[in-house]
Amino acid sequence: LALKNEVSSETRDYLGKIQSSGKLLLELIDDTLTLSKMNSGKLRLNPLPVDSNELFEPLILPVRASAELKHIIFTVTNTSQRRIVLADSLNVQKILLNLLSNAVKYTCEGGTVLFSITDKYQEWKGNSFVFKISDTGIGISPSFLPHIYEPFVQENRSADISAGTGLGLSIVKNLVDMMGGKITVDSVLNKGTTFTVELTLKETEEKPDVHTLGEA
């Protein structure tokens, strides 16, 4: 509310820092509670019928807006077959949004972020979705790659990039594992990073509940 008032540039800077710190603390509390539920086995997935496009389309607009603020080129390609699947939409979107947000966050102005959705068929598993998030960002050093999914562990970043909670990738890995999926990462320091998530979501003939679409 104070930021909406006429204030000096110095006061606006202070208020902005308070707002950013408050947001970071809220994220830390939320992520800590989520991770605690996972570790205690109390987090339960709630798969419901959903149009497969609704798993990622609600994320595109906010991510594109964030990318535009940094003059980053954000490209989306989707060659997957549209179908009704059983999925915990909120947690699938949490996986994708975390990876997409990180891609934008750690890509410098003028860089690119690519989000692609494809299908992968395996006779014993059926049709899987393959989500790939690639960026031309600061990358991850080879020595740190084995630790990226550890909670509260972060590689030293440049001073102009906010630290975050250090829990996002740990939560992503746990959620992917809970869904029986697979996540891999390829990264070159100062060149960019690619995360690939593969999820097998069972097709269903049930009708989606319109009230559950795009909640995230």
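Side notes on the structure shown:
- Tilt relative to the chain, helix 89-105 - C-alpha long axis, 0 to 90 degrees, to 10: 40
- Inter-part distance, the range 14-37 to the range 164-210, computed on C-alpha centroids, equals 22 Å.
- Structure note, pairs 42/120; 17/70; 37/105; 70/191; 132/173: Cα-Cα distances above 21 angstrom occur for 42/120; 37/105.
- Summed residue charge, Cβ within 13 Å of residue 206's Cβ, Lys/Arg positive, Asp/Glu negative: -1
- Solvent-accessible area per residue, Å², over the range 82-121 with all protein chains present [probe radius 1.4 Å]: 40
- Helix axis angle, 168-178 relative to the chain longest principal axis, alpha carbon, degrees: 10
- Sequence-distant residues sharing a close amide H with residue 48 (under 5 Å, placed H): 87, 88, 89
- For the chain, the longest principal axis of the alpha carbon atoms and the long axis of helix 57-69 meet at an angle near 30°.
- Taking the Cα centre of the range 1-62 as origin and assigning +1 to Lys and Arg Cβ atoms and -1 to Asp and Glu Cβ atoms, the resulting dipole is close to 320 debye.
- Rounded to the nearest 20, the Cβ-based charge dipole of the chain about its Cα centre (Lys and Arg +1, Asp and Glu -1) stands at 200 debye.
- Under 5 Å from the amide H of residue 108 lie the amide H atoms of 138, each residue being 5 or more positions distant or on a separate chain, with H modelled from the backbone and absent for Pro and chain starts.
- Placing unit charges on the Cβ atoms only, positive for Lys and Arg and negative for Asp and Glu, gives the range 65-139 a dipole magnitude near 160 debye about its Cα centre.
- Accessible surface of the chain, 1.4 Å probe: 55 percent of it comes from carbon and sulfur atoms.
- Calculated over the chain: convex hull of Cα atoms, volume per residue (Å³): 148
- Calculated [222 nm] ellipticity per residue, helices only, for the chain: -11500 deg cm²/dmol; basis is -39500 (n - 2.57) per DSSP H run with n ≥ 4, divided by all residues, nearest 500.
- Considering only GluC sites (Glu not before Pro) in DSSP loops that have at most 12 other Cβ atoms within 10 Å, the longest stretch of the chain without any of them is 7-108.
The values are calculated or read from the model by the stated rules, or taken from the named source; none is laboratory data. Bear in mind the structure is a predicted one, so any value in this text is a computation, not a measurement. Please note: Cβ atoms are built from the backbone with ideal geometry, for glycine as well, and neighbour counts cover all protein chains shown. With ligands, DNA and RNA removed, areas are computed over all heavy atoms of the protein, side chains included. Shrake-Rupley method; radii C 1.70, N 1.55, O 1.52, S 1.80 Å.
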